[in-house]
Each structure stands twice: as C-alpha cells, then as structure tokens.
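This report concerns only the one structure given below.
Nothing in this text is a laboratory measurement; each read-out follows from the coordinates by a stated rule. Please read all numbers here as calculations on a predicted model, not as lab measurements. Cβ: placed from backbone, ideal geometry, glycine included. Neighbour counts: every protein chain shown.
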Amino acid sequence: KEKHKILHQLLQNNTSPGDL
Amino acid sequence: PEAADLRALSRHLYEAYLKNFPLTKAKARAILSGKAGDKAPFVIHDMKSLMEGEQFINCRQIPCQEHHQQQLAPALAPGLAGLTEAHCGSDGNISDELELRFFNSCQSRSVEAVREVTEFAKSIPGFIDLDLNDQVTLLKYGVIEILIIMMAPLMNKDGTLISYGQIFMTREFLKSLRKPFGQMMEPKFEFSVKFNTLELDDNDMTLFLAVIILSGDRPGLLNVKPIERLQETVLHSLELQLKISHPDSLQLFAKLLQKMTDLRQIVTDHVHFIQLLRKREVDMCLHPLLQEIMKDLY
C-alpha cells in the first residue's frame, strides 16, 4: 500500500491536482 | 434486452468520458482540420517558437518533493499543461533549459491525465467494488497504455496537439530534441498514425479504454475473475458499438484488440527511455505519482 500511496488516494478520494 | 443493457453501459461510459476528458477526439480532429471555428493552434516548430509558445500557457508548478532522491525524466504526455520555470537551472544553454522545462510541463499534464483516467476508471460499473489493491494494479499497468491511446486523436503524421489543443507541436521538432527526448515520441507517432486509420469515434474510444483498464492479466492481481467478468461485458458492448458505428468495417473489433499487443511493447520501450533519461538528465526529477506508476512496472 505504501508503494502506491498516491494511487490509493486518487482511488479513494476526489483528489484535486493541487493536492498532488 | 441484453443489447439494450450493453447500449446503456456504452452511454454511461461515454458520459463519464465526456465529463473527465476535456479534449475529445471530435474536437481534436476539428482543430487539426481547421474546422473548429476557433483560432488555429499556435505552432511550435523550433526553439524560438517554443519560447514564444510559453506565453500561451499558464504556468503550473511541478511538485517535486523527491527531487534529490530520484532524478528521472518526464512521462509521456498527451498535452502540455504549463511551461514552468521551476526547473530551469542557471547552468547549461538555453535550448537545454527549454527542453527540460518543456518535458517538466509534460509531467504536469501527465499527472493531471492520470487523475482523469482514475476518475474515468471509477465510473466503470463494478470497478470500485473490486479489491482496492487490484484497482491500483489495474491503474498502474493500464494508465500509460491509456495515455498513449488518447494521444492518437491529437496526432497526425506531421505533429501533435498539446496544451488542450491550443498548440500544435511538429513531429520534426520533437525529433530534433536531444537524445533520448528526441526519440521518445517517434514510436507514439508511428502507432498513432496506424491507429487513426481505424477511424474510431469518441464512443468507440470510450469502450476501448474501459477494456484496457479491465485487463485481467496484469501482474500481481489478487482476484482475476471479477475483473474478467467486467471486461467481458464491456467487450460485448464494444463489439456491438463497432457494429453500429462501423457497419462496413469488417474485423474492426479484432483489429482493435490486436492493438493491445502493440501498446504493451510501446509502454515497455517507454519505460526503457525513462531509464535512459534517469542516467543522462541529472537536473530532472519525476513526479511522485509517476514514480509510483513506473516503479517495477516492466
């Protein structure tokens, strides 16, 4: 899970580009 | 009733496609053929026009938390979001700096595109019910393939639209960039020119993208069966869609599925280019999201 932290975040939330 | 369900699925995915992807094939082809009604795109064909093109674009900073750990290159990008001065070092000549700035802006657009693809994937019925780790795996392995497919409508044999269709960058200019930048886009042009002869429309593209995302043979998947079931339904929907939109194009469905093999080779080669860049370009860094995707990919 740690290896793909941002992908997890993207899948679980509506992460905005600014958050990335 | 089954056909009606497949058409409903197609409509649902098409709506998600329109919602998440700002530049459709229809719009891109209109721009490329000069029928968009808007102003013609600004053409970048040399370093001077690249510099002028910067004024066209709003600056967008590239997050680069791991600048000192990983110094890689850009992912391929279906567009140019912003040319930023964030990574323009004080050393080196102007061309080198411009090239770096350009490729960093490609990274920004790639990150945005990954977010768009993720939102599209989430709209595929059943996708968010899959094991979360499998969702990650499907995205990790599918997203570069999707980005390459989505570049095709933006390209013709002479160049590509970038920056959401505001700019046209010539193939010759891209080829003239220093190694390995100059080599990175040629395989995508070769693929796109062939792919475009299939003349898919946005509806067809939508279903093809969903089929690619739902590939049950990605390495490390935990639970393949539900993914294959979802893909089968989308495949039926795609087959029906192609029969309706291209009644005279025999074997189009089969031809399209064959493209998936070509795509994997292009992604493998792309990862190789990234590894080369990692060795050569000390001033570059890869966005953490792109690092996640590329790490241990192939």
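At a glance:
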read-out	value
Between 0 and 90°, nearest 10: helix B:186-196 axis offset from chain B longest Cα axis	30 degrees
Violating pairs (Cα-Cα greater than 27 angstrom) within the set B:K25/B:K122; B:K175/B:K243; A:K3/B:K175	B:K175/B:K243; A:K3/B:K175
Antiparallel content of DSSP bridges confined to the protein assembly as shown, in %, to 5	65 percent
Environment charge at B:G142 (Cβ cut-off 12 Å; Lys +1, Arg +1, Asp -1, Glu -1)	0
Neighbourhood net charge (12 Å Cβ-Cβ; Lys/Arg +1, Asp/Glu -1) for B:T268	-2
Tail fraction, Cα-Cα pairs, segment B:104-256, threshold 21 Å, whole percent	51 percent
Hydrodynamic radius (Kirkwood) for segment B:207-285, which is based on Cα pairs only, to one decimal in Å	15.0 Å
Neighbouring partner chain Cβ atoms per residue of B:135-145, average, 10 Å criterion	2
Eligible lysines near B:K179 by straight Cα distance, threshold 29 Å, same-chain separation 8 or greater	B:K48, B:K140, B:K157, B:K188, B:K194, B:K259, B:K279, B:K295
Shape metrics for segment B:1-46, restricted to C-alpha atoms - Rg then Dmax, Å	16.2, 56
Segment B:188-298: relative contact order as a whole-number percent, Cα under 8 Å and 6+ apart	24 percent
Degrees separating the helix B:2-20 axis from the principal Cα axis of chain B, which is the longest one	20 degrees
Peptide-level mean, for B:288-295, of C-beta atoms on other protein chains within 10 Å	3
Average partner coverage of B:262-274, which counts Cβ from other chains inside 10 Å	0
Scaled radius of gyration (Cα, divided by 2.2 N^0.38 Å) that segment B:89-189 gives	1.29
Calculated SAXS-style log₁₀ I(q)/I(0) at q = 0.16, 0.24 Å⁻¹ - segment B:117-163, Debye, Cα scatterers	-0.54, -0.85
D (Stokes-Einstein, µm²/s), Kirkwood Cα radius, the protein assembly as shown, 0.890 mPa s at 25 °C	122 µm²/s
Mean ellipticity per residue at 222 nm, deg cm²/dmol - from DSSP H runs of n ≥ 4 across chain B, formula -39500 (n - 2.57)	-19000 deg cm²/dmol
Diffusion coefficient, µm² s⁻¹, Stokes-Einstein with Kirkwood Rh over alpha-carbon pairs of chain B at 37 °C and 0.692 mPa s	166 µm²/s
Vicinal HN-Hα couplings computed from phi for segment B:102-114 (Karplus, 6.51 cos²θ - 1.76 cosθ + 1.60; Hz; Gly/Pro x)	4, 5, 5, 5, 4, 4, 4, 5, 4, 4, 4, 5, 4
